[in-house]
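Here's the structure we're looking at; comments come further down.
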Amino acid sequence: MTSTAVGYRREGPVAWLTIDRPETRNALSAEVRAGLWEAFTRLGADADAAVGVLTASGDRAFCAGGDLREMAGEGLRVPPPDYLPQLGRNIDVDKPVIAAVNGAAYAGGFLLTQCCDLVVAAETARFAVTEARVGRGAPWAAPLPYLLAPRIAMQMLLTGQPLTARRAHELGLVNEVVPGPELAGRAGELAATIAANAPLSVRAARRTVGLLAELPLSAAYREAERLWEPVYLSDDAQEGPRAFRDGRPPVWTGR
């Protein structure tokens with residue numbers, strides 16, 4: 001990678017993408033945004049990575065959102081479509097991505113967690129859509145009522161006030177809350193558990209979860225059948241029962 005603002009390292013089948021600008025609360029400067037594009041592109045192309053974990057350096061902020069000083073200097077108005085990578089919207093990565101949130105995830109930082117498949121948060125993490133407080137926009141928040149009850153989503157958007165990690169967990173926005181020192185370990189465990197599963201099943205499952213956000217139920221069933229048929233017909237679908245019968249770990253080929 002050419003950018004130093006976002007690190008990329010792999011531990012076995014788990015790739016770690018780390019925003020590394022703690023002195024600016026990991027704000028989304030041009031350098032950080034370019035680093036995120038590069039890191040997610042690398043994750044998608046990395047044949048040896050089964051799962052990604054997105055996290056950040058320091059313990060104050062996962063990502064405080066856009067770099068407002070940079071925005072003011074540029075006179076930024078409407079951000080272009082490629083301003084920031086949004087998984088599932090302007091960049092496709094066919095692997096699960098877990099957000100390991102170590103502090104404030106505000107505005108664009110919240111956007112990044114919203115795009116991830118799972119979220120593990122430190123007890124000190126906070127989540128907020130703060131655009132109304134600085135006169136900016138959040139069109140990317142359109143899926144928020146799918147993740148939260150509409151009135152909770154409305155409150156977040158209108159007030160800009162943060163949710164604690166515990167409240168976000170109660171509302172279903174966060175999967176797990178752990179003490180800060182345990183964050184990386186727990187996110188790594190979760191990623192390793194997913195990476196040990198059949199890759200074709202994992203990919204189809206990711207796509208199935210989002211079907212009802214786009215389709216009526218009857219159409220969602222039809223699309224789910226289409227998504228899962230290649231999984232049933234794969235070599236891995238035979239390997240799983242054979243491994244169970246033989247009392248051994250399965251050897252997945254992704255075919």
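The values are calculated or read from the model by the stated rules, or taken from the named source; none is laboratory data. Quantities reported herein were computed from a predicted structural model and do not represent experimental measurements. FYI the Cβ positions are ideal-geometry reconstructions off the backbone, even for glycines, and counts take in every protein chain you see. The protein model used for the area step is the full one, side chains on, heavy atoms only, and it has no ligands, DNA or RNA in it. Shrake-Rupley method; radii C 1.70, N 1.55, O 1.52, S 1.80 Å.
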³J(HN,Hα) computed for each position of region 172-182 - Karplus, 6.51 cos²θ - 1.76 cosθ + 1.60, integer Hz, glycine/proline x: x, 7, 10, 7, 8, 10, 9, x, x, x, 9
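Give, in whole angstrom and from largest to smallest, the semi-axes √(5λ) of the equivalent ellipsoid of the chain, with λ running over the eigenvalues of the Cα gyration tensor.
Values: eigenvalues 207, 88, 63 Å².
They are 32, 21, 18 Å, listed largest first.
If you place +1 on the Cβ of every Lys and Arg and -1 on the Cβ of every Asp and Glu, how big does the dipole about the Cα centre of the chain come out, in debye to the nearest 20? Walk me through the numbers before you get to the answer.
On the way: 27 positive and 29 negative charges, 95 e Å.
For this selection, approximately 460 debye.
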3J(HN,Hα) from dihedral phi, region 139-152, Karplus parametrisation 6.51/-1.76/1.60, rounded to Hz, x for glycine, proline: x, 5, 7, 3, x, 4, x, 7, 8, 9, 4, x, 6, 5
CD proxy at 222 nm, helix term only [per DSSP H run n ≥ 4: -39500 (n - 2.57); per residue of the chain; nearest 500]: -12000 deg cm²/dmol
Dimensions (Å) - region 1-134, Cα atoms, principal axes, largest first: 41, 33, 25
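Let me know the whole percent of all Cα-Cα pairs from region 199-246 that are separated by more than 18 Å. Walk me through the numbers on the way to the answer.
Working: 418 of 1128 pairs.
In whole percent, the long-distance tail amounts to 37.
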The chain, accessible surface, carbon-and-sulfur percent (1.4 angstrom probe): 55
For region 187-204, Karplus couplings with θ = phi - 60° (6.51, -1.76, 1.60), whole Hz, Gly/Pro x: 4, x, 4, 4, 5, 5, 4, 5, 4, 7, 8, 5, x, 5, 5, 4, 5, 5
Cα Rg over Rh - region 103-254, Kirkwood: 1.06
Spatial separation of Cα centroids for region 145-180 and region 1-42, in angstrom: 25
Residue among G73, G188, G58 with the largest mean-square fluctuation in a Gaussian network model of the chain, springs linking Cα atoms under 10 Å: G73
Sites matching trypsin sites (Lys or Arg not before Pro) across region 72-170 that sit in DSSP coil, with at most 15 neighbouring C-beta atoms within 10 Å: R77, R89
